[in-house]
Amino acid sequence: MENKNLLEVENLRVYFPVHRGTLIKKKVGEVKAVDDVSFKILKGETLGLVGESGSGKTTAGQAILQIEPPTAGKIIFEGKDITGLEKNERRKLRREMQMIFQDPFSSLNPRMKIGNIIEEPLIAHKLTNNRKENKERVEELLQMVGLMPSMAERFPHEFSGGQRQRIGIARALAVNPKLIICDEPVSALDVSIQAQVINLIEEIQEKLNLTYLFIAHDLAVVRHISDRIAVMYLGKLVEVASRIDLYRNPLHPYTKALLSAVPIPDPRLEATREHIVLKGEIPSPMFPPSGCRFHTRCPEAMPECSSRIPQLKEVDSHHFVSCHLFKD
């Protein structure tokens, strides 16, 4: 039977050692950016990965691409464990998996024309035979993302933020990937441009049958594009559900707090609904709280929350939550 999962992440951990000392450096701790995270992405679906800054969602995306080497766990792509691949094998994997970065300006070489930026992966992976084919493919990609082929001769600084992100999308598409990790792809853009870029990402997915891991902190954005949503807090997943279930029936107190911060267009409804204000700042991933990592800010915390780590368990059909409020 064919495996419908394009990507499987099992017990992923990404720890960064912390050293002190000038001449003799001594390890004094480690930042647990991603700590025992597991999820699956079906072929052709979009999984939204959301959480506050510092929750570890970007690090998880980088670990999948092997930009950050995992400390432990498995990353299985198309049924093959790709954890700890050699350099040459990682290079081949880049054809299958690409990333769209948060800042479209810093991710583009300012000294290169955008035509050269887009054709660079074509040359690196030997996907075309000559300069004529390169030019034709670059023009095709520019048109696919809503830009004029004549723009290939311009430099990144000559474009707006939204246009630069379209260039970044074209570059990611150049190698015909199967999985694209979208790392906050619209958070640096004006609100008026965000919807255009999200619609473009959706149109391309439908046209090319792509699979997305869509990383964001804005639940309103994630709601529009995702099939399922995974909520992350301080390196751990706290809730995973379909988009509809998560918005209709959020179960984890952290998810409820995030959703309460999403504004509703109707001012009358907005004025009557409850807003959950979380106390304190997100703790340091170097010194995470014992037990449930959210208990220091949770409005529904119980004594056992500070001593026992809750497991992510299925409490409804395909709805998983990591919280002691839901007993076995």
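Counted by Cβ distance under 14 Å from residue 135, the other residues give a net charge of -3, where Lys and Arg count +1 and Asp and Glu count -1.
When DSSP beta bridges are restricted to pairs lying wholly in the stretch 132-287, around 55% turn out antiparallel. Taking the stretch 155-189 and a reference point 7 angstrom along Cα→Cβ of residue 78, the backbone N atoms nearer than 17 Å belong to 173-181.
Residues 213, 85, 278, 173, ranked from the fewest to the most other C-beta atoms within 10 Å, line up as 85, 278, 173, 213.
Look at the Cα gyration tensor of the chain: its axes a ≥ b ≥ c give a/c of at least 1.5 with a/b over b/c, and that counts as prolate.
Neighbours of residue 17, meaning other residues whose beta-carbon lies under 14 angstrom from its beta-carbon, give a summed charge of +4 when Lys and Arg score +1 and Asp and Glu score -1. Between residue 155 and residue 325, the simple label model (points 7 Å from Cα in the Cβ direction) yields a spacing of 5.4 nm. Straight-distance candidates among the lysines for linking to residue 313, with alpha-carbon spacing under 27 Å and chain neighbours fewer than 8 residues away dropped: 4, 32, 40, 43, 57, 74, 80, 236, 256, 279, 327.
In summary, the helical segments of the chain meeting the span-like criteria, namely a full DSSP H run, a Cα extent along the axis of 24 angstrom or more and a mean Kyte-Doolittle hydropathy of at least -1.0, are 191-208. Using the average count of surrounding beta-carbon atoms within 10 Å as a protection proxy, the listed peptides 113-119, 39-45 rank, highest first, as 113-119, 39-45. Here's the list of aspartates and glutamates a cross-link from residue 135 could span, going by alpha-carbon distance under 13 Å and ignoring same-chain residues fewer than 8 apart: 119, 120, 153. The sum of -39500 (n - 2.57) across all DSSP H runs of n ≥ 4, divided by the residue count of the chain, sets its helix-only mean residue ellipticity at 222 nm to -8500 deg cm²/dmol.
Charge tally for residue 312 (other residues, Cβ to Cβ under 11 Å; Lys, Arg +1; Asp, Glu -1): -1.
Laboratory data are not the source of any read-out in this text; all were calculated from the coordinates shown. A quick note: this is a predicted structure, and the numbers were derived from the prediction, not measured. Counting neighbours? That spans all protein chains shown, and the Cβs are built from the backbone with ideal geometry, glycine included.
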